[in-house]
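The values are calculated or read from the model by the stated rules, or taken from the named source; none is laboratory data. Note that the structure is predicted; figures quoted are calculated from it, not measured. Counting neighbours? That spans all protein chains shown, and the Cβs are built from the backbone with ideal geometry, glycine included.
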Amino acid sequence: MTTSIPYETRYWYLRNHKLFAALKQEEIKEICLISNFKTARKGEIIYFSHDDHSRIYSLKQGIIKIVETDGQGHETIKDVLQKGDLFGQVSLDDTHLEEYAVVMSDYVTVCSFKITDFERVLTKNPSLAISFTKLVGLRFKRLENRYQNLMYKDVRSRFLLFLKEWAAQDSPDQRYGVTLKNYLTHQDIASLICSTRQTVSQLFGECRQAGLLDYTRVTLTIADVEKL
């Protein structure tokens, strides 16, 4: 659902976002005028690519998963996004994948812009255009690395690499005793690493028995990230 966000809140969200942090005050105020905010609760779908090709989104708060569908209706989790990540028509071109975004946390808040408005802002701010290109490039690089892992690594290696990436994203400054919020089901992880829920459950059990990690329904603790 769409929420009325006070102007001051919109301003400080944009001010603190890594994409807009280098802009001047007046430039951010201009972007505030074209921004739109939406909130949603766990399980709700907040974006369909075939319904909305005209907007780019930034996740202000919460966690979502991007689910991609093929011509036969099979679904695959393409990515899991958190605060500050971009989604929607991030390529600013006419290529539209069939995908949608589902809320995974208790609730999320997203900020969005019409593509035409956002392109106009990028044209006026070359430094912003460069930052945008770098941010989108990092996301696509992450996806590319994941696809390469699917092609060249066995399922156990993919599982351990995924755990390392998860720890690096959620606790970037920790190595020992890293405790993560367990917001992904075994089926979610299986979809992300192209495996089965049964295999992922087995790998979790083996890693727990080896003392590499421990987990409950709400947390996942990794003893030493480098030993995964």
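Restricting to region 54-74, name every residue that is free of Cβ contacts under 8 Å to residues at least 60 places away in the same chain and either touching a Leu at 6+ places or on another chain (Cβ under 6 Å) or surrounded by fewer than 19 Cβ atoms within 10 Å (Cβ to Cβ) (or both).
Ser58, Leu59, Gln61, Ile64, Val67, Glu68, Thr69, Asp70, Gly71, Gln72, Gly73, His74
The rows are residues; the columns are (1) in contact with a strand residue (DSSP E or B) (Cβ under 8 Å, 6 or more places away or on another chain); (2) modelled with pLDDT under 95; (3) farther than 21 Å from Thr69 by Cβ.
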site	(1), (2), (3)
Asn149	no, yes, yes
Tyr152	no, yes, yes
Val155	no, no, yes
Phe159	no, no, yes
Leu163	yes, no, yes
Gln169	no, yes, yes
Tyr176	yes, yes, yes
Leu184	yes, yes, no
Ile189	no, no, no
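For Phe87, state whether it is surrounded by 19 or more Cβ atoms within 10 Å (Cβ to Cβ), in the same structural domain as Leu33 (by TED's automatic domain parsing) and more than 16 Å from the chain's Cα centre (by Cα).
no
Does Arg142 satisfy being over 26 Å from Leu33 (Cα atoms), in a helix (DSSP H, G or I) and of a type in the set (Lys, Arg)?
yes
Against the condition among the acidic types (Asp, Glu) and more than 24 Å from Ser191 (Cα to Cα), how does Glu75 come out, does it pass?
no
Please state which of the following conditions Thr116 fails to meet, knowing it meets all the rest: (1) within 26 Å of Lys42 (Cβ to Cβ); (2) surrounded by fewer than 17 Cβ atoms within 10 Å (Cβ to Cβ); (3) of a type outside the set (Lys, Arg); (4) modelled with pLDDT of 90 or more.
Of the numbered conditions (1) within 26 Å of Lys42 (Cβ to Cβ); (2) surrounded by fewer than 17 Cβ atoms within 10 Å (Cβ to Cβ); (3) of a type outside the set (Lys, Arg); (4) modelled with pLDDT of 90 or more, the odd one out for Thr116 is (1).
Quick one: in region 174-228, which of the residues that are among the acidic types (Asp, Glu) and without any contact (Cβ under 8 Å) to a residue 60 or more places away in the chain is surrounded by the fewest Cβ atoms within 10 Å (Cβ to Cβ)?
Of everything passing the filter in region 174-228, Glu226 is surrounded by the fewest Cβ atoms within 10 Å (Cβ to Cβ).
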